[in-house]
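Undergrad: The structure's right below; bear with me while I get my questions together.
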Amino acid sequence: MNNSRYYHFIFIFMLVLFSLNYFSAKIASGGALKNISYAFMLGTILLSLPHFFRKASGFVLPVQIISFSVVFSILMAYISWGQQLSYSVSTIPYLIWFSFFFLLHKKYPIELIERVVMIFGVAYIVLYLFQFLHSDTVYFGFREEFVEDRGIVRILFPGAGVFFLAFFIAINKSLEKNAYKWFYIGFVLMGIGVTLLQVTRQSIGLVAVILLFHYGRKASMAMKVGVVALFVVGIIYLQGSDIYKGLAETQKETVSEGDKYIRVIAGEYFINDFSPNIMSRIFGNGLPNNTSSYGAFTTYLEDVYGFYLSDVGIIGVYVMFGIFAVLSYLYIFYKSFRMRVPEKYYYLKYYTCLLLVTSLTSDAVYSINFMITNVFVLYIFQYLYEYEQQMRWLQKVTAEQELQTVS
């Protein structure tokens, strides 16, 4: 690895590490470690600003709008809720959107980003298993304790964005001819296990569909038989387990609640009654800081009514960052599914599908646990888009030159 690639690798590695705040480790929740994270992110944002205003092609415009919406929401929190501008430091992790433009300026190699994501994907699995085996003490995340839920001690480990992106990359590469094929297959198997242990219905369902789709298309007969056998064994095992009973009971409760389901009620409240004025309904209310009166009110809604912004997905984006941020996300979904990408990059489609499927029930569209991988995925989409545009331009120029030569 030459010096340039080495420095690029270090930068991307640190960008992920600090954006995730060390997987929200308890020891990094304050003090020097947190300050280092925020300083690095702020530095990256400042480096990105000179490259913010670029041609609005591909995915550039929606990322520009989202970035501006997050910045403007700081002012809206002050106007609508009296949250002092000094509290805006808590918005820094959400401004990592700006790094999209720095990445484009530097043209970081896709393979380098994939490598870093896989490293953090492995770290996620190792640290998750460590936390799972020591669930009596909370080492990562913001909970005070882990409790049994859906038939298991449920640990939703922080940093799920790198896990899922690494998982989808591994699915892609497990069918390619490369020296690490069995590593990727092993990662996929471990990823399935971790997904099951976290007992999130939508994630389990989506992972199952993607696995069947991907391996059903390209895999050898032996691989197809192996995947089907794995699913059959898994289903037989789960049907007799506490996990299956817990998931079934949760699904039954959700169906029986219908329009009284807490997420539906919370979503209606946040859309219709939360914003105090018309400006907030358009431009958002800003990110609530836990120590401000605005943050105290959102905490009150959580404790008394069970209304969590993190439970209503893109509605949370609307509440905090406004309608234009939501429209930008809708455009991103539309553009990403329409855009053709080489098969080796199908993991981009799988990750975007994850965001879409969970966009009304989780905070994956804006959480710091997913933020940096959201940026990576859109950067790679844009990289491929610009490469395709460049190839078309070269083909056009070549064709014109050939015509001139003939004439």
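Undergrad: Please list 3J(HN,Hα) in residue order for the range 160-169, calculated via the Karplus relation 6.51 cos²θ - 1.76 cosθ + 1.60 where θ = phi - 60°; whole Hz, with x for glycine and proline.
TA: Residue by residue, the range 160-169 yields 4, x, 5, 5, 5, 5, 4, 4, 5, 4 Hz.
Undergrad: Sticking with this structure for a sec: Quick one: check the C-alpha center-to-center distance for the range 319-355 versus the range 115-135, whole angstrom.
TA: 26
Undergrad: Now for a separate question. Using a 10 Å cut-off on Cβ atoms, rank the peptides 60-66, 157-163 from the highest mean neighbour count down.
TA: Peptide ranking by packing, descending: 157-163, 60-66.
Undergrad: Give me the percent of accessible area attributable to carbon and sulfur for the range 280-407, probe 1.4 angstrom.
TA: Carbon and sulfur: 59 percent of the exposed surface of the range 280-407.
Undergrad: Still on this model: So what is the 222 nm mean residue ellipticity for the chain from helices alone, if each DSSP H run of at least 4 adds -39500 (n - 2.57) and you divide by all residues, rounding to the nearest 500 deg cm²/dmol?
TA: -22500 deg cm²/dmol
Undergrad: Here is a further query. Over the range 70-125, with the other protein chains present, what is the accessible area per residue in square angstrom, probe 1.4 angstrom?
TA: Spelled out: the 1.4 Å probe surface of the range 70-125, per residue, equals 34 Å².
Undergrad: Connecting C-alpha atoms closer than 10 Å in a GNM of the chain, tell me which of Val326, Val264, Val117 has the biggest fluctuation.
TA: Val264
Undergrad: Still on this structure, please answer the following. Obtain the nm distance between the two label points defined at His134 and Phe183 by a simple spin-label model: each point lies 7 Å from its Cα along the Cα-to-C-beta direction.
TA: 2.6
Undergrad: Could you please report the charge total around Glu111, scoring K, R as +1 and D, E as -1 over all other residues with beta-carbon less than 15 angstrom from its beta-carbon? Walk me through the numbers on the way to the answer.
TA: Working: positive: Arg5, Lys106, Lys107, Arg115, Lys173, Lys344; negative: Glu114, Glu176.
Value of the local net charge: +4.
Undergrad: Determine the distance separating the Cα centre of the range 141-182 from the Cα centre of the range 288-309; give it in Å without decimals.
TA: Each part reduced to its Cα centre gives a spacing of 29 Å.
Undergrad: Name the residue, out of Tyr180, Tyr87, Tyr124, whose mean-square fluctuation peaks in a Gaussian network model built on the chain with Cα pairs under 10 Å.
TA: Maximum among the listed residues: Tyr180.
Undergrad: Compare Ile278, Ile380, Ile169 in a GNM of the chain, Cα atoms joined below 10 Å, and give the one with the largest fluctuation.
TA: Top of the fluctuation ranking is Ile278.
Undergrad: Can you give me the solvent accessible area of Glu388 with a 1.4 Å probe, rounded to the nearest 10 Å²?
TA: Near enough 70 Å² of accessible area.
Undergrad: Each residue of the range 104-111 in order: what ³J(HN,Hα) in whole Hz does its phi give by Karplus 6.51 cos²θ - 1.76 cosθ + 1.60, θ = phi - 60°, with x for Gly and Pro?
TA: Residue by residue, the range 104-111 yields 5, 5, 7, 6, 5, x, 4, 4 Hz.
Undergrad: Sticking with this structure for a sec: Tell me, what % of the accessible area of the range 12-89 is carbon and sulfur with a 1.4 angstrom probe?
TA: Summing carbon and sulfur atoms, their accessible area is 73 percent of the total for the range 12-89.
Undergrad: Okay, moving on. Compute from the Cα atoms of the chain the Rg and the Dmax, the latter being the longest Cα-Cα distance, and quote both in angstrom.
TA: Final numbers for Rg and Dmax: 22.3, 80 Å.
Undergrad: Heavy atoms only, 1.4 Å probe, whole protein assembly: order Met391, Met371 by accessible area, highest first.
TA: So the residues, ranked largest to smallest area, are Met391, Met371.
Undergrad: Go through the range 387-397 residue by residue and turn each phi into a ³J(HN,Hα) via Karplus (6.51, -1.76, 1.60, θ = phi - 60°); whole Hz please, and just put x for glycine and proline.
TA: The phi angles translate into 5, 4, 4, 5, 5, 5, 5, 5, 5, 5, 5 Hz.
Undergrad: So how far apart, in nm, are the two label points at Tyr308 and Leu394 if each is 7 Å from Cα heading toward Cβ?
TA: Going from the Tyr308 label point to the Leu394 one covers 4.9 nm.
Undergrad: Mind listing which trypsin sites (Lys or Arg not before Pro) in the range 314-407 are in a DSSP loop and have 13 or fewer other Cβ atoms within 10 Å?
TA: Here the sparse-neighbourhood loop sites are Arg340.
Undergrad: Report, by chain and number, residues whose modeled amide H sits under 5 Å from the one on Ala25, excluding near sequence neighbours (fewer than 5 apart, same chain).
TA: Placed amide hydrogens put Gly141 under 5 Å from Ala25.
The values are calculated or read from the model by the stated rules, or taken from the named source; none is laboratory data. These numbers were taken from a predicted model, which means no experiment stands behind them. Every residue, glycine among them, receives a Cβ derived from its backbone with ideal geometry; neighbour counts consider all protein chains shown. Surface areas here come from the heavy atoms of the whole protein model, side chains and all, with no ligands, DNA or RNA. Shrake-Rupley method; radii C 1.70, N 1.55, O 1.52, S 1.80 Å.
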